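The values are calculated or read from the model by the stated rules, or taken from the named source; none is laboratory data. Note that the coordinates shown come from a computational prediction; the quantities given were computed from them, not determined experimentally. Glycine also receives a Cβ, built like all others from the backbone with ideal geometry; neighbour counts cover every protein chain displayed.
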Amino acid sequence: MIDLGQENPVSLSQAARRLPPFRSDRPVHPATIWRWITEGVRLRDGSRVRLEALRIGGRFVTTVEALDRFAKRQTPNALLLDAQRRVRSHA
């Protein structure tokens with residue numbers, strides 16, 4: 001959960017600008033950040049990870065630290081499944 005006393009809040013557009021370009025070297029759109037908050041990202045095991053956010057004064061904000069947690073929650077899952085696939089393909 002976001003702790004505004006300890007974390008660095010950013011708007012959705014600021015969060016989008018902090019990420020490297022994805023498809024066709026195009027920048028991340030703030031709508032992508034919104035989608036990660038509302039719908040999340042489905043992991044290969046079928047679970048869903050959502051980006052943490054808070055509503056403040058009618059606007060949503062996330063934090064730099066929430067972006068980091070969001071990425072880390074996806075990464076171990078992906079690395080583990082990729083490693084398992086490599087082991088199975090060599091067996």
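Results for (1) surrounded by 15 or more Cβ atoms within 10 Å (Cβ to Cβ); (2) in contact with an Asp or Glu (Cβ under 9 Å, 6 or more places away or on another chain); (3) over 12 Å from I2 (Cβ atoms), shown as yes or no for each residue.
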{"residue": "I37", "(1), (2), (3)": "yes, yes, no"}
{"residue": "R48", "(1), (2), (3)": "no, yes, yes"}
{"residue": "L51", "(1), (2), (3)": "yes, no, no"}
{"residue": "F70", "(1), (2), (3)": "yes, yes, no"}
{"residue": "P76", "(1), (2), (3)": "no, no, yes"}
Mind checking which residues of the range 19-44 are at pLDDT below 95 and of a type in the set (G, A, S)? S24
Counting only residues that are hydrophobic (A, V, I, L, M, F, W, C) and modelled with pLDDT of 95 or more, which one in the range 57-91 is nearest to V28 (Cα to Cα)? L67
Could you please let me know if E65 is in contact (Cβ under 8 Å) with a residue 24 or more places away in the chain and assigned to a helix (DSSP H, G or I)? yes
Neighbours by Cβ (under 7 Å, 6+ apart or cross-chain): first from the range 49-61, under 16 Å from Q14 (Cβ atoms); second surrounded by 10 or more Cβ atoms within 10 Å (Cβ to Cβ) and among the hydroxyl-bearing types (S, T, Y): L51/T62; E52/T62; A53/T62; V61/S11
